[in-house]
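What follows is a single structure, written as structure tokens, with notes after it.
The values are calculated or read from the model by the stated rules, or taken from the named source; none is laboratory data. Because the structure is predicted, anything quoted here is derived from the model rather than measured. Cβ placement follows ideal geometry from the backbone for every residue including glycine, while neighbour counts extend to all protein chains displayed.
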Amino acid sequence: MLPPERQSGSNTTVELTATPDPGYLFSKWTGDANPLTVRLDTNKTINAIFVPDGRDPDTDGLTNYQELVVYHTNPDVWDTDDDGFSDGYEVTSGFIPTDPNSSPNTQLVIYTAVEVRFGAGLGKSYRVESSMDLVNWAPVEEHLAGTGGMIARLYSLQEIPKRYFRSVRE
Ligand SMILES: [Ca+2]
Ligand SMILES: [Ca+2]
């Protein structure tokens, strides 16, 4: 990561500049600033410290380090393969952000749901509650406006496959 060494004689002064690889940032020299001016009066060991670049200028959820080093996406483009999904979303959902043929467009998930229907008077307000044990009840939806007939609501069973429901007038 350092420029080629300059051949210099004893007691000359050289200036070292630390240039990070793509995806990294220069952090510090062990003990000084960048650029570092060194007088060659003895043998010296100098280390440049580089850190992963954690910035995310295109706000796609991947850091510059992840884009340039890990996934080889464009750190300045939110959707590198132009399939309508951000690089970060593709990575977290298991798709390839540089291949438009690997796209969450192909993803379809089906969950079962329960339909809850209850009589709701016009001008009245209701909430739906659920319980695992018929003792402790927690609101699922609140402030449902009555219609003077039946209200029907759908609740996914993905997270909680089995529970009781009731409607309560507020
Ligand atoms: Ca990014
Ligand atoms: Ca994409």
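Listing for the model above:
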| read-out | value |
| --- | --- |
| Restricting the range 22-67 to residues that are aliphatic (A, V, I, L, M) and crowded, with 17+ Cβ neighbours inside 10 Å, the residue that is nearest to the chain's Cα centre (by Cα) | Leu62 |
| Filtered residues of the range 55-111 (kept if in contact with a strand residue (DSSP E or B) (Cβ under 8 Å, 6 or more places away or on another chain) and among the aromatic types (Phe, Trp, Tyr)) | Tyr65, Tyr111 |
| Residue in the range 27-38 that is more than 8 Å from ligand 1 (Cβ to nearest atom) and either in the same structural domain as Pro100 (by TED's automatic domain parsing) or part of a helix (DSSP H, G or I) (or both) present | no |
| Only one of Glu90, Glu115 that is away from ligand 2 (no atom under 16 Å from the Cβ) and of a type in the set (Asp, Glu) | Glu115 |
| Number of positions in the range 39-57 that are among the basic types (Lys, Arg) and assigned to a loop (DSSP other than H, G, I, E, B) | 2 |
